[in-house]
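> This structure is in structure tokens; I'll ask about it shortly.
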Amino acid sequence: MISNRTQVTEMIRAAKVAKGLTWKAVADAVGNSKEWTTAACLGQMAMTKEQAATVGELFGLSDEAVAWLQIVPYKGGESDTQHKDPLIYRLYEAVHVYGCAMKELIHEEFGDGIMSAIDFDLDIQRQEDPKGDRVKILMTGKFLPYKVY
């Protein structure tokens, strides 16, 4: 039984060496660039069913391994350090850059307190833009004032 995507990456690396395949040959068979295909084989991209089947045939992978190739990965690897994932890292970056301003503005508007992450809503939308679509993230959380006692 395969318990994570890292195991599939190890299988692919071993089969690549054993079969003498190049990443270019794999990419040609998959029909994508060698850069994307290599990243996908190393667990950094999710493959379509067809791409995964092709990679499975090339490397002699089981059906279970082929299914793992189609799962959206945590880019940067599977670990407790998910902050290495570029998307997650950029979310951290936004909070690092704008967090103090957000805190000041929330306190000015609501007073001394916090935004709940328990009584919380999250809405992620695509926002069309002629310069390239944008990610719109709306977070709402109940305001919880600090109590004086």
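> Hey, with R₀ at 30 Å, roughly what FRET efficiency would Lys147 and Gln127 work out to, going by the Cβ-Cβ distance, to 0.05? Write down the numbers at each step before the final one.
Values: r = 38 Å, r/R0 = 1.27.
The formula returns an efficiency of 0.20 here.
> By a straight-distance test (C-alpha under 20 Å), which aspartates and glutamates pair with Lys142 as possible cross-link partners, with residues fewer than eight away in the same chain excluded?
Filter leaves Glu104, Glu108, Glu109, Asp112, Asp119, Asp121, Asp123.
> Same structure again: What distance in nm separates the two pseudo spin-label positions at Glu64 and Ile118, each 7 Å out from Cα along the beta-carbon direction?
About 3.9 nm separates the two model spin labels.
> With each pseudo-label sitting 7 Å past Cα toward Cβ, what's the Thr6-Ala101 distance in nm, one decimal?
My value for the distance between the label points is 3.8 nm.
> What are the ³J(HN,Hα) couplings of the stretch 134-149, residue after residue, when phi is run through the Karplus curve with 6.51, -1.76, 1.60 and θ = phi - 60°? Round to Hz, x for glycine and proline.
10, 8, 10, 10, 10, 10, 10, x, 4, 7, 10, x, 6, 9, 9, 9
> Near the amide H of Gly141, under 5 Å away, which other amide H atoms are found, from residues 5 or more places off or on another chain, if H is placed in the peptide plane?
Residues meeting the criterion, in which the H sits 1.01 Å from N, are Asp121.
> Moving to a separate point now. Based on a Kirkwood Rh over C-alpha pairs, give the Stokes-Einstein translational diffusion coefficient of the stretch 5-68 at 37 °C and viscosity 0.692 mPa s in µm²/s. Walk me through the numbers before you get to the answer.
Details: Rh = 11.2 Å.
Translational diffusion coefficient: 292 µm²/s.
> Using DSSP to call loops (not H, G, I, E or B), can you name the GluC sites (Glu not before Pro) in the stretch 96-129 whose Cβ has at most 13 other Cβ atoms within 10 angstrom?
Details: sites: Glu104, Glu108, Glu109, Glu128; in loops: Glu128.
Qualifying residues, ordered by number: Glu128.
> Given the rule -39500 (n - 2.57) for each run of at least 4 DSSP H residues, summed and divided by the residues of the chain, what is its mean residue ellipticity at 222 nm, to the nearest 500 deg cm²/dmol? Please list the in-between numbers first.
On the way: 6 runs with 73 residues, N = 149.
Per the formula, -15500 deg cm²/dmol.
Every number in this text was worked out from the coordinates using simple rules, so none of it is lab data. Just so it is clear, the structure is predicted and the values come from calculations on it, not from any experiment. Methodologically, a virtual Cβ is constructed for each residue, glycine included, from the backbone with ideal geometry; neighbour enumeration extends over all protein chains shown.
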